[in-house]
Amino acid sequence: MGFFLDQVVNGVILGSQYALIAAGLALIFGVAGIVNFAHGELFMVAAYALYLGESALGLPYAAAAVFTVIVMVPVGGLFYGVVIRPVAGAGWQKQLVATLAASIVMVNLAIVLAGSLPKTVSSPLAARVAVVGGVHFSLQRVLILGCTLLSFAALHMFLMRAKWGKGMRALAQNRSACAAVGIPVHRMGLLAVVIGSALAGVAGALIPVLSNITPTMGLLLTIKGFAAVIMGGFGNVTGAIVSGFALGLVEAMAMAYVSSAYADAFVFGALIVTLLLRPQGLFGHAVRVS
Amino acid sequence: MAALSRAGATPATGWLLAGAAAVAVPWVAGNPFYLQTATVAMIYVVLAVAYDLVVGRIGALSLCQPVFFAWGSYAAALLATRGGNPGFWLEAVVAVAGAVALAIAIGVPSFRLSLHSFAIGTLGFLLIAQLVAVNWISVTGGPLCVVGVPALAVPLGGQRLTVLSDTQNYYTILAIAVLTVAAIGLLIRSRTGAALTATRDDPVLAAARGIWPLRMRLTAFSVSAAFSGLAGVFAAHFQHVVCASQVDIPINTLLLVMVFIGGRASLRGVITGAVLFTVLPQVLRVADAWRLVIFGVLLLVMVTTVPDGIEHVYAGVPGLVRRLLTRMRRSVHHGAKDG
């Protein structure tokens, strides 16, 4: 039983990471209409910002983590200006190539600037272990889960209550109608990318403590985040978050009980089966094509 | 007037010129590295033209093209190293038949999905195939690869020709590339090709006209897989080694770039894209560490500045020639008047 609960904790932590990435992807798709194939690279940049904050600036972990999230705001703005804005309104092929190109640039720039050897960061919380009901987890994991849930609560409040948040939801429903009533479409897109980038920043400030930082760490994460977005129903932020956690749990269980080598096969198997049973995703609405 | 009609006939002339240039490569390429790069470029011509049949002709963003390519390579490598080296024909039959079977197995469930979901669904199959290639060590060698694949043997009329030198390799893949381009070119000009385009542009209308969209999509997907598998057979013998990296995302990304920057559903655009994006990263080797950064930046600039890729440039050429000719003629007339 203890072993099983340990795996649940592992799954939830993995899921937090996927959900943070998936929420940003879903938001950017909903508001800007673009699938950002470089979203995992924003996470990678955030992880290097954390490393930089700790090692180069000598900040303690908490300050470096806050620094990371703050840095990701202008990074997101820059990303929007250079990559997203030039292809906003273009065909999906151009958007796809543009974000893939951005991913290539970011990964290889990281290799040139930081080297391909893994870097590590440390947090005082990682070594402190709490035992609750026979389940051991480090306080860093508690922090990850807490911050993730807090971020989602803030995002939810923003989307439901704030004027700009309501504008974003309206945009996700009908772009041209929004433009007609004077909602600033492009500024909304910029805001969505900045929020998505900040969410990747939250993940980048928390997760690398448990693993290594490498230039290619974001590649598979983009795909799993994207898988969660599709599984949740395209552009549906809540669906993306729930599916992110679900995929994390599937991966942790497959890793523990079946085979660590084939764990990812179960993740994508779960995705494919979900899509076959519900092509519109878990939370999407079926659309009749005719 | 004669000049004008010649400008209108550039397509046929262009194909002949390109063919002649391709045949001449071994004489022009001064060193083996250039010839090997040209050979790799031809592999990518086959892959990109086959891929465009799916992405360009039926508008389905498949992300599992390397599966068929790697299947062809693994099948050929295993037959050659452990199956008694039966030669090209049997390897090609196994590769093509297996690729078609795989395409149908992946295609039937995946084509239930719409654009983005289809992309991620096929990507899922790619990642599963990659995991199998990495972890099924007794067959694929896992991270150690299948090594020692002999040179390609082609049994021909009782004899057994071996493709050894760089030049022989180049002409072999050139023949496969010409075959692929010709076959796919004929296919897209046939009634089936029109049905494919109809399925892409309006599946509902196509279905109303008696075209079964799923059948059309599976046809394109299978033909595309078959040629990718064939390219895989050649690649295994050319590289002498087959690794799991052959069934990885970067190959698909490169194919996407070749097709989209080249111009979807345009044979000449896609072929140019394939050659350009094989050669470009090699040329950028002068800036070793920075080469992929520069490659990505170039890509970003191209995609944001050239509207429909290379095809757009080609499509502009006849008009440009005509305008130049009129201007020249006008200046000649003016010159005559002044004189």
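The figures follow:
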{"read-out": "Using alpha carbons only: equivalent-ellipsoid semi-axes of segment A:1-109, gyration tensor based, whole Å", "value": "28, 21, 11"}
{"read-out": "For segment B:280-332 and segment A:85-138, distance of Cα centres in Å", "value": "33 Å"}
{"read-out": "Dmax and Rg, reported as Rg then Dmax, of segment A:134-290 (C-alpha, Å)", "value": "17.8, 58"}
{"read-out": "Segment B:12-253, dipole about Cα centre (Lys/Arg Cβ +1, Asp/Glu Cβ -1), debye to the nearest 20", "value": "540 debye"}
{"read-out": "Packing-based exposure ordering (other Cβ within 10 Å, fewest first) of A:Met253, A:Met106, A:Met231", "value": "A:Met253, A:Met106, A:Met231"}
{"read-out": "Inter-label distance for A:Ala261 and B:Ser245, nm, one decimal - labels placed 7 Å from Cα along Cα-to-Cβ", "value": "2.0 nm"}
{"read-out": "For chain A, alpha-carbon Rg relative to the globular expectation (2.2 N^0.38 Å, N residues)", "value": "0.99"}
{"read-out": "Those Cys residues of chain B for which no other cysteine Cβ falls under 4.7 Å", "value": "B:Cys64"}
{"read-out": "Candidate aspartates and glutamates for bridging to A:Lys119, where Cα separation is under 18 Å - those fewer than 8 sequence places away on the same chain excluded", "value": "A:Glu41, A:Glu54"}
{"read-out": "Estimated inter-spin distance, B:Ile104 and A:Arg128, nm [label 7 Å along Cα→Cβ]", "value": "6.2 nm"}
{"read-out": "Cα radius of gyration and Dmax for segment B:71-191 (Å)", "value": "17.4, 51"}
{"read-out": "Approximate spin-label separation B:Leu325-A:Ala179, in nm, with each point projected 7 Å along Cα-to-Cβ", "value": "4.0 nm"}
{"read-out": "Residue exposure sequence - B:Arg264, B:Arg191, B:Arg330, B:Arg57 - by fewest surrounding Cβ within 10 Å", "value": "B:Arg191, B:Arg330, B:Arg264, B:Arg57"}
{"read-out": "Kirkwood Rh in Å, taken over all unlike Cα pairs in chain B", "value": "21.5 Å"}
{"read-out": "At R0 = 30 Å, FRET efficiency that the Cβ-Cβ distance of A:Phe158 and A:Leu277 yields, to 0.05", "value": "0.40"}
{"read-out": "Relative frequency of Cα-Cα separations exceeding 12 Å in segment B:56-108, percent", "value": "65 percent"}
{"read-out": "Exposure proxy ranking, count of Cβ atoms within 10 Å, fewest first, for B:Thr167, A:Thr99", "value": "B:Thr167, A:Thr99"}
{"read-out": "Efficiency of FRET from Cβ geometry, B:Val313 and A:Val82, R₀ 22 Å, rounded to 0.05", "value": "0.35"}
{"read-out": "Normalised alpha carbon radius of gyration of the protein assembly as shown [divisor 2.2 N^0.38 Å]", "value": "1.04"}
{"read-out": "Amide H within-cut-off set for B:Leu63, under 5 Å, with H built and near neighbours excluded", "value": "B:Thr122, B:Leu123"}
{"read-out": "Inverse mean reciprocal Cα-Cα distance (Kirkwood Rh) of segment B:198-339, Å", "value": "19.2 Å"}
{"read-out": "For the protein assembly as shown, with +1 on Lys and Arg beta carbons and -1 on Asp and Glu, the positive-most of B:Val93, B:Ala48, A:Leu190 along the dipole", "value": "A:Leu190"}
{"read-out": "Nearest 10 degrees, 0 to 90: helix B:249-262 Cα axis against chain B principal axis", "value": "20 degrees"}
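Every number here is computed from the coordinates shown, using simple stated rules; none is lab data. All values derive from a computational prediction rather than experimental measurement. Cβ sites come from the backbone with ideal geometry, for glycine too, and all protein chains shown count toward neighbours.
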